[in-house]
Amino acid sequence: MTALHAAAEAARGLGLTPLILGDALEGEARGLGLALAGMALSARAHGQPLPAPCVLLSGGETTVTIGAEGHGRGGRNSESLLGCAMALAGASGIWALMGDTDGIDGSEDNAGAIATPDTLARSRAAGMDPRAVLARHDSYALFAALGDLVVTGPTLTNVNDLRVILIT
């Protein structure tokens, strides 16, 4: 919650209204990404749960269940982010960052990644099918190809995963 309060304070300093959704959001990573995208779309279209410009903040550690086709690279934050980006489907005015405060998303060298309104279009232009990437749990490769990984190195602290969705 400390990290979420700090992020909320920073958002207020930028003229954004923050909403802390909680610090214990769990479940399948891609499913949480889908739910967060729904909230962001509702905020942009209807001003609920709060009007833009705003930022939705959440924490908690999700799970990635690897199926038979899973053989890629990625962590729970980049997988959640790709699920979110797919559900946003290029919606304008919504950006997201999801990462781990310790600087390591799962077993990878990145803390997480960012998604922009053109993430899906850029990935397709790079020859990547986001749906297939998600199916094989290879979100790291997609965000690396786009230059959208967040690489901080180890931070030597671990207070939670942090998810930030900006709606303008």
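Quick one: which residues, 5+ away or cross-chain, put their amide H under 5 Å from the amide H of residue 150? H built at 1.01 Å from N.
Correct list: 111, 112, 113, 114.
Once the dipole of the chain is set up with Lys and Arg at +1 and Asp and Glu at -1 on Cβ about the Cα centre, which of 97, 13, 54 lies farthest towards its positive end?
54
How big is the gap, in Å, between the Cα center of segment 23-69 and the Cα center of segment 92-168?
The two parts, judged by their Cα centres, are 14 Å apart.
Need one number: % antiparallel among DSSP beta bridges in the chain, to the nearest 5.
Rounded to the nearest five, the antiparallel share is 75 percent.
Mind ranking 137-144, 87-94 by how tightly packed they are, going by the mean number of other C-beta atoms within 10 angstrom, highest first?
My ranking of the peptides, most packed first, is 137-144, 87-94.
State to the nearest 20 debye the size of the charge dipole of segment 2-167 about its Cα centre, where the only charges are +1 on K and R beta carbons and -1 on D and E beta carbons.
That gives a dipole near 560 debye.
Please arrange 79, 108, 26, 61 by counting, for each residue, the other beta carbons lying within 10 Å of its beta carbon, fewest first.
Fewest-to-most ranking of 79, 108, 26, 61: 26, 61, 108, 79.
List, in order, the whole-Hz ³J(HN,Hα) value for each residue of segment 147-161 obtained from phi through the Karplus relation with A = 6.51, B = -1.76, C = 1.60 and θ = phi - 60°; use x for Gly and Pro.
x, 10, 6, 9, 10, 10, x, x, 8, 6, 9, 8, 9, 2, 6
Given N residues in segment 2-167, what is its alpha carbon radius of gyration divided by 2.2 N^0.38 Å?
That works out to 0.96 for segment 2-167.
Compute, for segment 91-148, the length of the dipole vector about the Cα centre, with Cβ point charges of +1 (Lys, Arg) and -1 (Asp, Glu) only. Units Debye, rounded to 20.
380 debye
Show me, for segment 106-120, the HN-Hα J-couplings you get by feeding each phi into the Karplus relation (A = 6.51, B = -1.76, C = 1.60, θ = phi - 60°), rounded to Hz, glycine and proline as x.
My calculation for segment 106-120 gives x, 10, 8, 8, 10, 7, x, 7, 10, 10, 10, x, 9, 4, 5 Hz in order.
If I build a Gaussian network model for the chain, linking alpha-carbon pairs within less than 10 angstrom, which residue out of 111, 35, 45 has the largest mean-square fluctuation?
Maximum fluctuation in the GNM of the chain, among the listed residues, is at 45.
Using label points projected 7 Å from each Cα along Cα→Cβ, tell me how many nm separate residue 122 and residue 102, to one decimal.
2.8 nm
With θ set to phi - 60° and the Karplus curve 6.51 cos²θ - 1.76 cosθ + 1.60, what are the ³J(HN,Hα) couplings of segment 41-46 in order, to the nearest whole Hz, using x for Gly and Pro?
5, 5, 5, 5, 7, 10
I want to check the label-to-label distance for residue 71 and residue 1. Put each point 7 Å from Cα in the C-beta direction and report it in nm to one decimal.
Here the modelled spin labels are 4.6 nm apart.
What's the extension gain from residue 34 to residue 17 if we count 0.36 nm per residue and subtract their Cα-Cα distance?
In short, 3.9 nm is gained.
What residue among 115, 126, 52 shows peak mean-square fluctuation when the chain is described by a Gaussian network model with Cα springs under 10 Å?
Result: 126 has the largest fluctuation of those listed.
All of the numbers you see were taken from the coordinates with simple rules; none came from a lab. Bear in mind the structure is a predicted one, so any value in this text is a computation, not a measurement. Please note: Cβ atoms are built from the backbone with ideal geometry, for glycine as well, and neighbour counts cover all protein chains shown.
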